[in-house]
Amino acid sequence: MDKYRCEVCNYVYDPALGDPDSGVPAGTPFEKLPDDWVCPVCGADKSQFVKEG
Amino acid sequence: MKPYEIKKGIYWVGVVDWNVRTFHGHTYTTKRGTTYNAYLIIDDKITLVDTVYGPFADEMLEKIAHIVPAEKIDYIIANHVETDHSGALPALMRRCPGAKVFGTEKCRDGLYKNYYGKWEFKTVKTGDTLSLGRRSLSFIEAPMIHWPDSMFTYCPQEKLLLPNDAFGQHYATSERFDDEVDNSILMEEATKYYANILWPLGSVIARKIEEVKKLNIPIDMIAPSHGIIWRKDPFKIIDAYVQWAGNTTKEKVAVVYETMWGATEKMARRMAEGIIDAGVGVTLFDVNLSDRTEIISEMLDTKGFLFGSSTHDNDMLPGIAGFLEFLKGLKAKGRVASAFGSYGWGGGATKEIEQVLSESGIAIAQPSIAVKYMPDEKEMAQCYDFATTFAQAVKKGGSDGSR
């Protein structure tokens, strides 16, 4: 599963960790995040994320 | 100085910081000083929108006291956690400990981590409204314009937008409105503010402006937290933000360099001549003699960048290195650049510049040019040709902001 980086604040979404504070369990791939999920650090939406190379 | 009534029953109770010369530590030079704007709304619920930088708390409280005792304040809107707008909160809360503070969730957390105050805080989200009596306030979360906690406050009855740092300028004046000051200076300072603070957040800003436009809310005054209030033509600054956020550039080149014994400068000057002769505008800055804040401002709508440095310890010089590091953080889009410089033996500066450019996502238009010690006539001609070729790349790149 790929990690994705927020282009606004550089937060990295790691699917292995998920985003439990926003109710996203560990093991959730980026593609399966809800459409209204936003970066937990800066609030940017999913479209601001790029795949980590 | 007395408070200033900006609309019936709404007062500017901010302060003018005439003497501040560097901001955000030393990342921004404020040659014209700044203001910290706080706004007091007199209604059934007495409401203060934002405060001022901590050292000026007493001055703000004095202004408030001209209108109403500070103890009477019911609500405080904290649009942004940063200390230049929240710094007076602890002093204010000692005067009106029962007042409720409103802001985003991140603002609540940030205020606590700054001041550790035990204040009554109400978290608000986009679309929430707060009735003050005759008037109401609605809130629009604006994350990363320019911190995660940021929000805009809007008063529909007054058609008044209070966007905190967005649309601000560091400009200390006795006047409060755009129609009272020299507009070329006003726009110069607004440009400088956007370039040095908001540039990397263009995509977020473009979306937020779209979102606000879709709300179709009438706006006849924009009162930011720094500088002048826009009332003559509030859409002038919104349109400027749309342009900047879209990375709209002009066909011009900024030559920015650092030199040890004048060889790199010689190259820079000849390059500037080549660019001018190719019919493209140019600005030239010795990075150590110029004000970085102003160079960045000039670069905001500049399509092409030429960066030069002598080689020192196999690397570029520290002034230009610091400059490029700052520029990297601004994530300039849709630009072209190239490197040049002189060296004595091994070289290395141009390679290091290119390395930072690639890390910055700035396209390298053509291979760099490096000259051993002082350029001779032939090498000066090469510099000239290097520049005219670069000018063509700037023209070809167009001005649509595309990469």
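Laid out as a table, the results:
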quantity: Contact order relative to length of chain A, as percent, for alpha carbon pairs under 8 angstrom and 6 or more apart; calculated: 40 percent
quantity: Positive-end residue, region B:201-359 charge dipole about Cα centroid, Cβ charges, pick of B:282, B:340, B:218; calculated: B:218
quantity: Burial ranking of peptide ranges B:220-226, B:296-302, B:162-168, B:67-73 (average Cβ count within 10 Å, highest at the top); calculated: B:162-168, B:220-226, B:296-302, B:67-73
quantity: Selection from B:183, B:54, B:18 lying farthest towards where the dipole of chain B points positive, charges on Cβ; calculated: B:54
quantity: Efficiency of FRET between residue B:374 and residue B:396 - r from beta-carbon atoms, R0 22 angstrom, step 0.05; calculated: 0.10
quantity: Share of Cα-Cα pairs in region B:1-117 lying beyond 22 Å, as whole percent; calculated: 31 percent
quantity: Rg/Rh ratio calculated on Cα atoms of region B:43-188 (Kirkwood radius); calculated: 0.96
quantity: For residue B:221, residues with placed amide H under 5 Å, excluding near neighbours; calculated: B:161
quantity: Histogram of C-alpha separations across region B:16-74, 10 Å bin width, %; calculated: 20, 45, 22, 12, 0
quantity: Between 0 and 90°, nearest 10: helix B:202-215 axis offset from chain B longest Cα axis; calculated: 40 degrees
quantity: Karplus 3J(HN,Hα) series, Hz, for region B:288-302 with 6.51 cos²θ - 1.76 cosθ + 1.60 (x for Gly, Pro); calculated: 7, 9, 9, 8, 4, 4, 6, 4, 4, 4, 5, 6, 3, 10, 9
quantity: Three semi-axes of the equivalent ellipsoid, region B:178-335, Cα gyration tensor, whole Å, largest first; calculated: 35, 16, 15
quantity: Whole-Hz couplings from phi, Karplus 6.51/-1.76/1.60, listed for region A:11-19; x for Gly and Pro; calculated: 4, 10, 7, 10, x, 5, 9, x, 9
quantity: Region B:206-267 shape via C-alpha gyration tensor axes, a/c threshold 1.5; calculated: prolate
quantity: Average projection area in nm² (convex hull over Cα atoms of the protein assembly as shown, one quarter of hull surface); calculated: 23.6 nm²
quantity: Over chain B, volume per residue of the alpha carbon convex hull, in Å³; calculated: 135 Å³
quantity: Relative pair counts by distance (%), Cα atoms of region B:319-392, 10 Å bins; calculated: 18, 46, 31, 5
quantity: Amide H within-cut-off set for residue B:77, under 5 Å, with H built and near neighbours excluded; calculated: B:48, B:49, B:50, B:102
quantity: Relative packing of peptides B:317-326, B:39-48, A:17-26 - highest average C-beta neighbours within 10 Å first; calculated: B:39-48, B:317-326, A:17-26
quantity: Dipole magnitude (debye, nearest 20) for region B:132-212, charges at Cβ of Lys, Arg, Asp, Glu; calculated: 360 debye
quantity: Long pairs among B:8/B:63; A:51/B:395; A:51/B:113; B:250/B:351; B:250/B:331; B:213/B:250, criterion Cα-Cα beyond 23 Å; calculated: A:51/B:395; A:51/B:113; B:250/B:351; B:213/B:250
quantity: Using θ = phi - 60° and Karplus 6.51 cos²θ - 1.76 cosθ + 1.60, couplings along region B:222-233 (whole Hz; Gly, Pro as x); calculated: 10, 10, x, 8, 10, x, 7, 8, 8, 10, 5, 8
quantity: Using alpha-carbon coordinates, inclination of helix B:57-67 to the longest axis of chain B, degrees; calculated: 40 degrees
quantity: Rh by Kirkwood over Cα pairs, then Stokes-Einstein D for region B:216-308 at 0.890 mPa s and 25 °C, µm²/s; calculated: 157 µm²/s
quantity: For region B:66-146: rounded, prolate or oblate by the Cα gyration tensor [a/c cutoff 1.5]; calculated: oblate
quantity: DSSP bridge orientation in chain B - percent antiparallel, rounded to nearest 5; calculated: 40 percent
quantity: Residues with amide H under 5 Å from that of residue B:169, placed H, sequence gap 5 or more; calculated: B:226, B:227, B:228
quantity: Using alpha-carbon coordinates, inclination of helix B:234-245 to the longest axis of chain B, degrees; calculated: 40 degrees
quantity: Shape parameters for chain A, alpha-carbon atoms, Rg then Dmax in Å; calculated: 9.7, 26
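FYI, it's all coordinate maths here, none of it is from the lab. None of the values given here were measured: they were computed from a predicted structure. Here Cβ is always computed from backbone atoms with ideal geometry, including for glycine, and neighbour counts include all displayed protein chains.
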